[in-house]
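What follows is calculated from the coordinates using simple rules that are stated; it is not laboratory data. The structure presented is a predicted model; accordingly, all values stated were derived computationally and were not measured. As a convention, Cβ positions derive from the backbone with ideal geometry for all residues, glycine included, and neighbour counts pool all protein chains shown.
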Amino acid sequence: TTAFPQGSGLGQVDYSCASELYYVSNFEDGRIYAIDKAGAVKSTFDHATGTVTGALPAGGLQEPNDVAGPVSLGERVWAVKAVDGRLVYSLWIEDNGNPNPIRNNEIWSVAVDANGLFVAGTVQFEVSMPDFDVDVTNPVADIAFDANCCMFASERGMYGIDDTAAHTGRLMKFCSGKQGWQLAPETFAIGMGFDRNSVGGVDIEG
């Protein structure tokens, strides 16, 4: 194996009980990996190109022409969550150190088949994170769903790939309806009662 350059590494891991696969996002190459419990890569998906692969051999995971270091903003996947035949994922487009004046951080999804493997040509935009009062959003580092078709997206305040930022991450709730995902009115006080203390983790009990 080759050591990751500074800043590169894995984003998040999610386990699907339905398919018995782990889904892992990788900052280094921008792909999401579907990995079985024995550690074998069964499928990969690349948001930037839409490319889906089947099983890959150990040691043969590098993409052609892939340069060392994390992929560019707009290609970098972080949160991953399997739900209802799709893999929902966040796309890191901007952060405190790298504002984007025309595009906020986003959430997308891609279909998975009955075996939990990615399906080519099924990428779907889900939602753009609402504006922050300082005109920059932070990447979503975790996603969870409740039993009422609502999605919880937890931001992580970041200054580029290496540095974190306090008091700039929100926990936001979106509920599904006829008009797509709608931002719910709830705000979530975390820590000292401030609603921007999220550090990127969220889960639903029950």
Just checking my list (i) 14.1; (ii) 12.2; (iii) 13.2 against mean projected area of the Cα convex hull in nm² computed from this structure; which label fits?
(ii)
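With a sphere of radius 13 Å drawn around the Cβ of Tyr89, what net charge do the other residues whose Cβ falls strictly inside it have (Lys, Arg +1; Asp, Glu -1)?
Working: positive: Arg31, Arg76, Lys81, Arg86; negative: Asp14, Asp46, Glu75, Glu106, Glu126, Asp142.
Surrounding charge for Tyr89 is -2.
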If the chain between Asp131 and Asn100 were fully stretched, how many nm would it gain, using 0.36 nm times the residue separation less the Cα-Cα distance?
10.0 nm
Can you list the aspartates and glutamates whose alpha carbon sits under 19 Å from that of Lys37, skipping same-chain ones fewer than 8 residues off?
Asp14, Glu20, Asp113
Any idea what the alpha-carbon Rg over 2.2 N^0.38 Å comes to for the range 111-206?
1.20
Pop a pseudo-label 7 angstrom from the Cα along the beta-carbon direction at both Asp146 and Lys178 and give the gap in nm to one decimal.
2.3 nm
Once you place label points 7 Å from the Cα toward the Cβ at Ile190 and Ser8, how far apart are they in nm?
2.9 nm
How large is Rg over Rh for the range 3-77, taking Rg from the Cα atoms and Rh as the Kirkwood inverse mean of 1/r across Cα pairs?
0.95
What cysteines in the chain have no other cysteine with a beta carbon less than 4.7 Å from their beta carbon?
Cys17, Cys149
For the pair Asp162/Ala58, report the inter-label distance in nm, with labels modelled 7 Å from Cα in the Cβ direction.
3.3 nm
